[in-house]
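Here's the structure, in structure tokens; my notes come after.
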Amino acid sequence: MLHATGPLLTVDVGERTADETMIDEVLEATVGGRATATALAYERIPFDADPFGSENRAYLSTGPLQQSQTSFTGRMNMTGLSPLTDGLVSTNAGGYLSRNFVATGYSVLEVAGQSDELLAVHVTGDGVEFEEVPALEGATVPETSDYMEDQHDLGPEHCIAIGPAGENRVRFASVMTFDSRAFGRGGLGAVLGSKNVKCVTFDGNVEPPLEIPNPPEMDIHREAATSDDRMRRQGTTGGTEFINDNFSLPTRYFREYEFEGAADIGGNAVEEKKYKKGACSACAYACKLPTRDEETGVETEGPEFETVYSFGSQHGVDDIVDVMRANELCDTLGMDTISAGVTVAAYLESVDEFGNAKLAQEITERIAYRAGIGDTLAEGVARCHDELGVENYTVKGMEFAAHDGRVLHGQGLSYAVANRGADHMYASMLSLEYAGQVDPQGTLGKAETLVDQENHNAFRDTGIVCAFGDDYVTEERLETLFDADYADLMLVGARTVELERHFNNQRGFDRDDDGVPYDLPDIEDAIAEYYDARGWSEDGVVTDARLESVTGTVRSDD
Ligand code: SF4
């Protein structure tokens, strides 16, 4: 089976040491990306670690396809213990970093320890340098990129960076690359912040050693370049009105299921503001959305659909320029737009100020700096909803993505059981339910499909293939690319889900943590069906015996 190559680079920012470890056996078993990072995190992060403690570790990893020039592969994975969910999370970002990372020759970067001083870490093919960067204290993401460009001649395509939100340990702070692409969900920006790591740069000239199969009949690149998918013009926002028509666009902090202003902030509105093409490295599909409003001068990349939801419908805001402003604020300050937008929506609910975009932006900024009420909101909805006097719309502490589980019941089941919490990319049952391949009504009888979806997405984040490439990088083509049966690839995905769950179980997660904060038909029985399909106990626990039989390994801290 094709797998990523190169040693693991461990950077201890407290000790200021850098060590290489050959991990060929791990890579052979786990391929790369999310699976490799999860396996390493599982072995190396103490089960009782504090997400903000020096014992937590953050992993940045590529898959083998980042050594190719195939479309839909310009992405990377990050994994760590989340300060938002308190469990293991993996998150995935595009941009141009992956090829620069591969050029350093490493397969995985592990960031360990805790520095006393704010640091930039420079990784090259020839070694690692630690630079104290007191001048960057409180700097935004673009200010950090500018500094790296000025001082080191390395543009934002060479960097991961955090903004003030990460430094201030906002629980949903993102790690940014290329200024506008986010390792968004789960607060790994706050993990880097707790380690006092402002940014990491990657620069090298190691030639990728892998030869990736590319038979002429599998011309993914040409198909990507010539596709007339609406997504190429409108990104993910192209689906806004369809989703709204399906009553799956939560509005005004979940009061409603559809938004009367959806057309004003949807795909056409965004396309009108788009002023050039945008892409990730090597990707001819080029679905990104550099946008600009000539009248106000507001410029950003996006918003993508989830931001149209979190800062648009959820706030009762129907002006696309306001959504663009909020998107730019989150990117600049380094915050996940979904969790930030939904948390601000909870605040707007508490003060009955829906539609007040100016207030929403002010509160967003306050969150990043933990100023006033922003300090409360920076903890996320699960930790602050009592103080606000609003419902707790989260799963495992993570704020909901759009695609309303109250309407798409299989997606609701997915939110309920996902190790990552209320995130739509963990299993994407929504795609099958929108397409009518699965009846959106009801939760029973969907467990096997959900398991397949989770395993598929876990492998996709391992390879690494973009989530928007499923129609092009098909199951058959995955078999060709990875020189393996699809069933074996899915086993890699399944083991990843099992390791995440076992790790979280050791931290106390069980049946009580699986569920959604609303009624779904037969949800108790459906969760039991899911555990059964996974081979887990009726408490939602992966037993040691089960883990050993699936992964061949089990760790005990006794
Ligand atoms: S499809 Fe879009 S998001 Fe995915 S790699 Fe290509 S440009 Fe990036």
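The values are calculated or read from the model by the stated rules, or taken from the named source; none is laboratory data. The structure displayed is predicted, hence computed values, not measured ones. Neighbour counts are summed over all protein chains in view; Cβ atoms, including those assigned to glycine, are modelled from backbone coordinates with ideal geometry. Please note that ligands, DNA and RNA were not included when accessible areas were found on the heavy atoms of the full protein model with its side chains. Shrake-Rupley method; radii C 1.70, N 1.55, O 1.52, S 1.80 Å.
Per-residue counts of other Cβ atoms within 10 Å, averaged by peptide: what ranking do you get for 231-239, 96-104, highest first? Can you show the working numbers first?
Working: 231-239: 21.7, 96-104: 23.8.
The peptides rank, most packed first, as 96-104, 231-239.
Over all directions, the average projected area of the alpha-carbon convex hull for the stretch 1-46 comes to how many nm²?
3.5 nm²
Ranked from highest to lowest mean number of other Cβ atoms within 10 Å per residue, what is the order of the peptides 168-180, 24-36, 42-54? Intermediate results must be reported in sequence, preceding the final value.
Working: 168-180: 29.2, 24-36: 23.5, 42-54: 16.8.
Output ranking for 168-180, 24-36, 42-54: 168-180, 24-36, 42-54.
Among the lysines, select those whose C-alpha is under 27 Å from the C-alpha of LYS446, and discard any that sit fewer than 8 residues away in the same chain.
Candidates past the 8-residue exclusion: LYS396.
If each residue of separation counts as 0.36 nm, what is the full-extension length gain between THR124 and ARG16 once their alpha-carbon separation is subtracted?
Numbers: separation 108, 0.36 × 108 = 38.88 nm, distance 1.54 nm.
Using 0.36 nm per residue and subtracting the Cα-Cα distance, I get 37.3 nm.
Find the Rg to Rh ratio for the stretch 5-74, where Rh is the Kirkwood radius over alpha-carbon pairs and Rg uses the same atoms.
1.01
Rounded to the nearest angstrom and ordered from largest down, what semi-axes does the equivalent ellipsoid of the stretch 295-350 get from its C-alpha gyration tensor (root of 5λ)?
Over the Cα atoms of the stretch 295-350, the ellipsoid semi-axes are 17, 13, 9 Å.
Students often forget the sequence filter, so: which lysines lie under 27 Å Cα-Cα from LYS273 once same-chain residues fewer than 8 apart are removed?
LYS288, LYS358
Let me know the Rg and Dmax you get for the stretch 433-506 when you use only its Cα atoms, in Å.
Just the Cα atoms of the stretch 433-506 yield Rg and Dmax of 13.8, 39 Å.
Using a 1.4 Å probe on the protein heavy atoms, what percent of the accessible area of the chain belongs to carbon and sulfur?
Whole-percent figure for carbon plus sulfur exposure: 42.
Spin-label point model (7 Å from Cα, Cβ direction): what's the ASP471 to THR553 distance in nm?
In this crude spin-label approximation the distance works out to 3.9 nm.
Run the numbers for MET231 and HIS152: contour at 0.36 nm per residue of separation, minus the present Cα-Cα distance, in nm.
On the way: separation 79, 0.36 × 79 = 28.44 nm, distance 3.61 nm.
So the extension gain works out to 24.8 nm.
At q = 0.11, 0.15, 0.17, 0.21 Å⁻¹, what is the log10 ratio I(q)/I(0) for the stretch 22-163, with the Debye formula run over Cα points and no solvent?
For the stretch 22-163, the Cα-only Debye profile gives -0.44, -0.84, -1.08, -1.49.
How big is the chain on each of its three principal axes, counting only the C-alpha atoms and giving the largest first in Å?
Over the chain, Cα extents along the principal axes are 55, 55, 53 Å.
In whole Hz, with x marking every Gly and Pro, tabulate ³J(HN,Hα) for the stretch 50-58 from phi via Karplus 6.51 cos²θ - 1.76 cosθ + 1.60, θ = phi - 60°.
7, x, 9, x, 5, 6, 6, 9, 10
When ligands, DNA and RNA are left out and all protein chains stay put, how many square angstrom of accessible area per residue does the chain have with a 1.4 Å probe?
For the chain, the per-residue accessible area is 35 Å².
Taking just the C-alpha trace of the stretch 331-412, give me its Rg and Dmax in Å.
Looking at the stretch 331-412, its Cα Rg and Dmax stand at 12.7, 39 Å.
Tabulate in residue order the Karplus-calculated ³J(HN,Hα) for the stretch 419-436, using 6.51 cos²θ - 1.76 cosθ + 1.60 with θ = phi - 60°, rounded to whole Hz; enter x for Gly and Pro.
4, 7, x, 7, 10, 7, 8, 6, 9, 6, 4, 3, 4, 5, 6, 5, 6, x
Amide H neighbours of MET335 under 5 Å, counting only residues 5+ apart in sequence or on other chains, H built in-plane at 1.01 Å?
Here SER174 satisfy the definition.
Could you give log10 I(q)/I(0) at q = 0.18, 0.19, 0.22 Å⁻¹ for the stretch 214-294, computed by the Debye formula over C-alpha point scatterers of equal weight, without solvent?
Results for the stretch 214-294 at q = 0.18, 0.19, 0.22 Å⁻¹ read -0.81, -0.85, -0.98.
So, by mean Cβ neighbours within 10 angstrom, what's the order for 66-78, 362-374 with the highest one leading?
The peptides rank, most packed first, as 66-78, 362-374.
Below 13 Å, Cα to Cα, which aspartates and glutamates can LYS277 reach? Residues fewer than 8 away in the same chain don't count.
Counting by Cα, and skipping residues close in sequence, LYS277 has these aspartates and glutamates nearby: GLU301.
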